[in-house]
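J.: Below is the structure I would like to discuss, written out as structure tokens.
The values are calculated or read from the model by the stated rules, or taken from the named source; none is laboratory data. Computed from a predicted model, the values in this text were never measured in an experiment. Counting neighbours? That spans all protein chains shown, and the Cβs are built from the backbone with ideal geometry, glycine included. Calculation scope for accessible area: heavy atoms of the full protein, side chains included, ligands and nucleic acids excluded. Shrake-Rupley method; radii C 1.70, N 1.55, O 1.52, S 1.80 Å.
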Amino acid sequence: MWDALIITPFINALLFIYNLVGNFGVAIILFTILIRLITHPLMVSQIKGSKAMAAMQQDKRWIDTQAKYKGDKEKLAVEQQKLLKELGVNPFASCLPTLIQFPIIIGLYQAVIQAMAATPLEMMNLTRHIYPALLKVSSLIPLQNHFLWMDLGTPERLNLPGIPFGIPILAIVVAATTYLQSKMITPAATGNAGDPNNQAAMMGKMMNLYMPFLMGYMALTLASGLSIYFLTSNLIGIAQYGLLGQLNLKNLLPGKKAEDKKPKGK
């Protein structure tokens, strides 16, 4: 099921694009753009969900409910769900793009490794995944697996004269762009400290710190073809949010939030 729904379509899409452009690195970049375009409606849904959750913080019914059930977290959670349903807000909408990314990442990694078949056995296995009506294996193999200074099937390292070890440029850039993207698309927390939604925002901040390390580690240890996907996806994600007018550039300015919290006239 996994092979039929994820691996095989990914391999064929990558090889089809590669057959058109003649460069596997460029094929991965174009494939990433295609995936981001397909999942764009989910991103729009995520933004709408986040806005709806933020708007609920200012809803008088929610404010009154918080005051009424301040000491009863279970009852407050039940009433919160009722209000979310009444307002037509899906609390999971903001999580969908992230959840969908994980099978894409795993599938792309396996597709990249299998597409760059190096041994007769790997080539035989690759032919089982290719749609004969779409691609001809003989015209694709051997696959050109070099892009810039990288071997796309191995972890990326840049070897410079005079330096005895390779520098993981992509891992550093992937971690940095993941952090920047998370900061730029994270809305400011609102509500009281005990507010369940504010607690969710705090958990989101923890994920924003955790994800750059995770993505950076994956870029450091896995095939560089996957790192190209990470980097391209991050840059396109920032561009998408920018075009939708959802970038919070103030989050990048240190001390800005502290200033915003100061009472006026003091």
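J.: Given a cut-off of 30 Å, name the pairs among K68/K183; K48/K73; K68/K250; K75/K183; K85/K250 whose C-alpha atoms lie farther apart than that in the structure shown.
T.: K68/K183; K68/K250; K75/K183; K85/K250
J.: Ignoring ligands, DNA and RNA, what accessible area per residue does region 122-168 give at 1.4 Å, in Å²?
T.: Value returned for region 122-168: 67 Å² of accessible area per residue.
J.: Moving on. Where does each of R61, R128 land when they are ordered by accessible area, with a 1.4 Å probe and the largest first?
T.: The residues order as R128, R61, largest area first.
J.: Can you tell me the FRET efficiency between A239 and K75 if r is taken as the Cβ-Cβ distance and R0 is 51 Å, rounded to the nearest 0.05?
T.: After rounding, the FRET efficiency stands at 0.70.
J.: Could you pull the accessible area for I63 with a 1.4 Å probe, rounded to 10 Å²?
T.: For I63, solvent-accessible area is about 80 Å².
J.: What does the charge count around A171 come to, taking other residues whose C-beta lies under 13 Å from its C-beta (Lys +1, Arg +1, Asp -1, Glu -1)?
T.: For residues surrounding A171, the net value is 0.
J.: Kindly report, to the nearest 10 Å², the accessible surface of W149 as traced by a 1.4 Å probe over protein heavy atoms only.
T.: For W149, solvent-accessible area is about 110 Å².
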